[in-house]
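Working notes, structure below.
Taken together, the values in this text are just the output of simple stated rules run on the coordinates, not laboratory data. Since the structure is predicted, the reported quantities are computational estimates derived from the model, not experimental observations. With ideal geometry, Cβ positions are generated from the backbone for all residues, glycine too; neighbour counts draw on all protein chains shown.
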Amino acid sequence: MSYYFSKVVAGKSFEEAAELVTDELKKEGFGVLSEINVGETLKKKLNVDFKKYKILGACSPKHAYQALTAEDKIGVFLPCNVIVQENENGDVEVSAVDPVASMSSVQNESLGGVATEIQQKLKKVIENLG
């Protein structure tokens, strides 16, 4: 089982792809709680050059609440990370965590439904990127 879903976004710049995925996340009920520009952070902290790579911390409040009330330590898996990266060949790729894969390590059957719902929503986000 893979731990992510991924798609190359044809004809979009890095910035356009980041905006597009944020819009698609909103359509599926997610907000972006955090945004980490990995390239800038690595340059600042380690003075190294790294490709364009952004981590978006996406959260569906309704589903997060359901998961947290079923399992109070599930917050270690929240929010759901979505990455936007520019590959060496110039393609921009968007990847999202598969919550079913990540939550499979938790011994709590009541999380299955929430994880499956979020999985379907994140798959739809990736599919709708063009």
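Miscellaneous remarks
- With all pairs of separate Cα atoms included, the chain yields a Kirkwood hydrodynamic radius of 15.3 Å.
- Each Lys or Arg adds one and each Asp or Glu takes one away; over the other residues whose Cβ falls under 14 Å from the Cβ of GLY112, this sums to -4.
- Counting only residues at least eight positions apart within a chain, or on another chain, the lysines with an alpha carbon under 27 Å from that of LYS45 are LYS54.
- For the pair region 104-126 and region 43-102, the centres of their Cα atoms are 15 angstrom apart.
- Environment charge at VAL38 (Cβ cut-off 13 Å; Lys +1, Arg +1, Asp -1, Glu -1): +2
- Calculated mean residue ellipticity, 222 nm, the chain: -12500 deg cm²/dmol, from DSSP H runs (n ≥ 4) at -39500 (n - 2.57) each, averaged per residue and rounded to 500.
- Pairs beyond 21 Å (Cα-Cα), from LYS62/LYS124; LYS27/LYS62; LYS7/LYS124; LYS12/LYS52; LYS43/LYS123; LYS26/LYS51: LYS43/LYS123; LYS26/LYS51
- Among 91-100, 110-119, the order from most to least packed when residues are scored by Cβ within 10 Å on average: 91-100, 110-119
- In plain terms, the residue of TYR53, TYR4 with the fewest other Cβ atoms within 10 Å comes first and the most crowded comes last, giving TYR4, TYR53.
- The chain, dipole about Cα centre (Lys/Arg Cβ +1, Asp/Glu Cβ -1), debye to the nearest 20: 180 debye
- With K and R counted +1 and D and E -1, the other residues having a Cβ less than 10 Å from that of LYS54 yield a net charge of -3.
- Working from Cα pairs under 8 Å separated by at least six residues, relative contact order for region 4-127 is 32 percent.
- Range in the chain, longest, excluding exposed trypsin sites (Lys or Arg not before Pro) [loop by DSSP; at most 16 other beta-carbon atoms within 10 Å]: 74-130
- Interatomic Cα distance distribution for region 39-93, bins of 10 angstrom, percent: 21, 33, 25, 20, 2
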